[in-house]
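Trainee: Okay, here's the structure, questions in a sec.
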Amino acid sequence: MTVSYCVEIADLSFAYPDGRQALRDVSLNVRTGEKVALVGPNGAGKSTLLLHLNGLLQGKGDVRVMGRAVQEPHLARIRARVGLVFQNPDDQLFSPTVFDDVAFGPLYAGLPEDEVRQRVAWALAQVELEDYAARISHHLSLGEKKRAAIATVLSMQPDILALDEPTAGLDPRTRGRLIGLLRNLPQTILIATHDMNLVARICRRAVILDEGRVVADGPMREIMTDERLLEIHGLEKPQTLAPHAHHHHHNEHAHVEDDEQEDSDARKELLTKLSVLLPHWIEHNGDHADSFCTWAEQARAVGEVHLASHIEEAAHRINAANRDLRGAIEHIDADMREHEHMEHDHPHAH
């Protein structure tokens with residue numbers, strides 16, 4: 001059976017103008033739909049390798065994307081199919097607004113205005129920035145900038161995403177949100193990262209680079225639980241691996257069980273956090289609604305009827321939101337009871 005590779009790299013070497021050898025005889029094939037982590041110490045060649053996928057750098061060897069050599073006359077077509085997201089989002093956000101940044105690629109590709117707008121709306125929805133189109137890009141938080149940078153490549157509807165240190169500099173909450181986004185994207189994804197917990201949560205395959213060479217390539221769990229291998233190459237074992245995942249020779253059934261347990265643990269953690277946060281949000285919203293009603297009464301008393309109506313409408317919307325949040329609490333309570341029953345009936349064997 002013929003295996004379909006969307007990325008094919010054979011004997012790739014590259015040296016920078018100062019003579020530093022960044023890649024040495026790298027060979028790597030990536031299947032369509034794979035999520036692959038490129039890990040290794042600083043200077044290992046991870047970012048340099050990503051820059052070869054759309055021809056920003058060109059070394060000695062053979063690099064093919066979707067069957068086409070990454071060189072002229074194919075570069076324009078390949079760059080439309082490989083979305084490269086830089087570590088620093090400011091390198092990608094240079095237009096006045098988020099809309100302009102996300103629209104830049106489709107406009108440059110000559111797409112009609114209606115399709116450009118549709119693509120921008122779709123891309124912003126994918127990264128949960130639907131309401132940010134008119135925002136000034138450089139006024140966004142770092143996490144928002146990173147998601148906006150991803151939207152700039154998603155608007156080109158690429159087949160492959162190449163991300164350089166996507167979680168660098170993010171706080172835990174923002175990092176978790178970005179990881180959730182990346183897990184759900186359907187594209188083939190290559191991630192150059194030092195974030196081993198990101199690797200454990202997203203990727204099924206890991207490739208270790210060191211001094212420009214591929215020194216290990218295999219299933220993520222095998223690579224990430226070989227502590228001696230990780231230590232030699234300056235890496236740490238992810239904290240998010242299941243406790244019993246240190247065996248090197250799992251069969252596929254064991255992998256599925258591990259994933260199901262991780263998903264179950266993540267679900268339980270989410271429900272627990274929300275069971276605490278939702279009542280706080282309801283109380284906070286209620287305080288705002290009461291305040292709005294007070295100000296609406298004062299506005300109405302001095303003849304500002306329309307102003308009072310607007311404020312009262314805001315209070316009504318807050319109360320409606322609280323009804324939805326109370327429904328969410330009921331849902332969480334039911335889910336947590338179900339989770340407890342499942343743990344009681346099917347305790348996980350550690």
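Trainee: Filter region 191-232 for residues that are open to solvent by 20 Å² or more (accessible area, probe 1.4 Å) and among the basic types (Lys, Arg) and give the result.
Mentor: Within region 191-232, 201, 204, 205, 213, 228 meet the criteria.
Trainee: Name, by its number, the condition in (1) over 24 Å from residue 81 (Cβ atoms); (2) touching a residue at least 40 places away in the same chain (Cβ under 8 Å) that does not hold for residue 143.
Mentor: (2)
Trainee: For region 39-91, name all the residues that are closer than 14 Å to residue 13 by Cα and either aromatic (Phe, Trp, Tyr) or open to solvent by 70 Å² or more (accessible area, probe 1.4 Å) (or both).
Mentor: 58, 60
Trainee: Any idea which of 283, 313 is on the phi < 0 side of the Ramachandran plot, in a helix (DSSP H, G or I) and at pLDDT 85 or above?
Mentor: 313
Trainee: Collect the residues in region 326-335 that are touching a helix residue (DSSP H, G or I) at 6+ places or on another chain (Cβ under 9 Å) and open to solvent by 40 Å² or more (accessible area, probe 1.4 Å), keeping them in residue-number order.
Mentor: 326, 329, 333, listed by residue number.
Trainee: Now for a different question. Which one of these does residue 275 not meet: (1) surrounded by 12 or more Cβ atoms within 10 Å (Cβ to Cβ); (2) over 23 Å from residue 173 (Cβ atoms); (3) of a type in the set (Gly, Ala, Ser)?
Mentor: Every listed condition holds for residue 275 apart from (2).
Trainee: Tell me, which residue of region 117-132 that is among the aliphatic types (A, V, I, L, M) and either closer than 13 Å to residue 89 by Cβ or buried (at least 19 other Cβ atoms within 10 Å of the Cβ) (or both) is modelled with the lowest pLDDT?
Mentor: 127
Trainee: Kindly evaluate residue 22 against the criterion of being buried (at least 19 other Cβ atoms within 10 Å of the Cβ) and within 15 Å of residue 211 (Cα to Cα).
Mentor: yes
Trainee: Is it the case that region 159-171 has a residue that's open to solvent by 50 Å² or more (accessible area, probe 1.4 Å), under 23 Å from residue 64 (Cα atoms) and modelled with pLDDT of 90 or more?
Mentor: Yes: region 159-171 contains one or more residues that are open to solvent by 50 Å² or more (accessible area, probe 1.4 Å), under 23 Å from residue 64 (Cα atoms) and modelled with pLDDT of 90 or more.
Trainee: Also: Which number in (1) farther than 12 Å from residue 156 by Cβ; (2) open to solvent by 100 Å² or more (accessible area, probe 1.4 Å); (3) of a type outside the set (Phe, Trp, Tyr); (4) more than 18 Å from the chain's Cα centre (by Cα) marks the one condition that residue 112 misses?
Mentor: Unmet condition: (2).
Trainee: Can you tell which of 240, 188 is open to solvent by less than 20 Å² (accessible area, probe 1.4 Å), more than 12 Å from the chain's Cα centre (by Cα) and at pLDDT below 95?
Mentor: Only one candidate qualifies: 188.
Trainee: Would you check if there is a residue in region 43-63 being within 16 Å of the chain's Cα centre (by Cα) and in a loop (DSSP other than H, G, I, E, B)?
Mentor: No: zero hits.
Trainee: Could you please give the count of residues in region 82-107 that are in a loop (DSSP other than H, G, I, E, B) and in contact (Cβ under 8 Å) with a residue 60 or more places away in the chain?
Mentor: Final tally of qualifying residues: 3.
Trainee: Right, something else. Can you pull out the residues in region 64-77 that are more than 14 Å from residue 190 (Cβ to Cβ), not in a loop (DSSP other than H, G, I, E, B) and not basic (Lys, Arg)?
Mentor: Those that are more than 14 Å from residue 190 (Cβ to Cβ), not in a loop (DSSP other than H, G, I, E, B) and not basic (Lys, Arg): 69, 75, 76.
The values are calculated or read from the model by the stated rules, or taken from the named source; none is laboratory data. The model shown is predicted, which means the values in this text are computed figures rather than measured ones. Positions of Cβ are backbone-derived with ideal geometry, glycine not excepted, and every protein chain shown enters the neighbour counts. Quick note on the areas: whole protein, heavy atoms, side chains included, nothing else; ligands and nucleic acids left out. Shrake-Rupley method; radii C 1.70, N 1.55, O 1.52, S 1.80 Å.
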